[in-house]
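The values are calculated or read from the model by the stated rules, or taken from the named source; none is laboratory data. Nothing here was measured: the structure is a model prediction, and the numbers come from that model. No Cβ is skipped: glycine too gets one built from the backbone with ideal geometry, and neighbour counts run over all protein chains shown.
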């Protein structure tokens with residue numbers, strides 16, 4: 001329950017379900033990987049509802065973007081869940097999923113660390129702020145990022161239909177870009193468990209150009225959908241232990257409320273930099289369990 | 001001159017209310033888990049083994065119920081208490 005509480009606070013703060021820690025922790029306690037994925041998805045649903053409601057009250061959810069992303073998220077979750085079923089039948093699901101998890105976690109930690117440090121180093125001057133702001137530079141919803149140019153180039157891609165997202169300060173972006181980001185997030189959610197906020201949140205900031213505060217809230221809204229659908233499809237496949245999910249959520253539900261309140265006191269690059277050690281901790285836990293075969297439970 | 005003091009007092013009262021509400025919510029969430037564990041452990045195992053579709057719906061309902069229902073109950077309860085205090 002202590003782990004659930006810590007994961008809940010972190011999830012609410014970073015806009016991620018905490019699967020980068022919950023998944024490796026469950027695996028380290030001896031839970032088979034297919035149950036890790038399904039149970040982790042189940043435990044984040046309720047907690048994400050609490051956190052998303054709180055973020056919604058703070059004005060941190062772009063509902064139009066969130067609803068559009070559902071069309072990419074659900075097929076992605078199903079594709080990931082089918083991948084787990086395939087591995088259950090044909091290969092060692094524990095090792096394959098753990099190795100993919102380690103690769104994803106380390107890649108994300110390195111990328112986010114590089115971007116946040118670069119933004120903090122370069123972000124002192126007014127000129128930098130003017131040219132590297134994602135979202136609207138004219139309102140306090142804008143957010144400085146060293147990779148704002150990438151999002152701007154993606155905004156220039158003219159693959160119709162083009163969508164306007166005024167709440168996120170995005171004048172025009174291709175619907176296909178939104179759907180691809182959502183689909184990839186969905187695949188990670190269905191295959192690795194959790195809401196895949198660790199991939200969707202950075203993708204929304206760096207690729208779609210959504211300000212970090214809005215990406216956090218919108219991601220949590222999206223996690224309700226991916227988690228809800230993922231829980232149903234994984235439970236049908238026999239991959240969910242609801243009693244484990246409930247004990248995790250007991251701590252996490254309270255933590256999520258606290259975590260969402262904390263985002264009021266922190267800003268863009270600072271939030272992203274603080275996120276870096278967490279995926280690395282999850283990766284270290286997985287590597288230790290894979291190499292030693294030792295389970296804590 | 002007295003306005004900042006009044007604001008500070010109002011602020012700390014809000015924090016105290018927030019903490020009390022969080023504690024009550026935490027107790028409800030914990031009690032809910034114990035109740036589910038006590039009442040439906042065997043029944044859930046049976047559902048898992050024999051009726052996966054029902055198990056999937058029940059699992060989702062239990063998870064959503066734990067946080068959403070209990071948050072509504074806590075918020076409603078504290079709205080009532082605050083109303084009485086006022």
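Odds and ends about this structure:
- Residue match in segment A:176-191 (condition: on the phi < 0 side of the Ramachandran plot and either touching a strand residue (DSSP E or B) at 6+ places or on another chain (Cβ under 8 Å) or modelled with pLDDT under 80 (or both)): yes
- Boolean, residue B:78 is more than 11 Å from chain A (Cβ to nearest Cβ) and surrounded by 15 or more Cβ atoms within 10 Å (Cβ to Cβ): yes
- Any hit, segment A:49-59, residues being within 19 Å of the chain's Cα centre (by Cα), away from chain B (no Cβ under 14 Å) and part of a helix (DSSP H, G or I): yes
- Test: residue in segment B:43-63 that is assigned to a helix (DSSP H, G or I), more than 7 Å from chain A (Cβ to nearest Cβ), touching a helix residue (DSSP H, G or I) at 6+ places or on another chain (Cβ under 8 Å) and more than 16 Å from residue A:234 (Cα to Cα): no
- Out of A:271, A:287, sole residue that is surrounded by fewer than 24 Cβ atoms within 10 Å (Cβ to Cβ), assigned to a helix (DSSP H, G or I) and at pLDDT below 85: A:271
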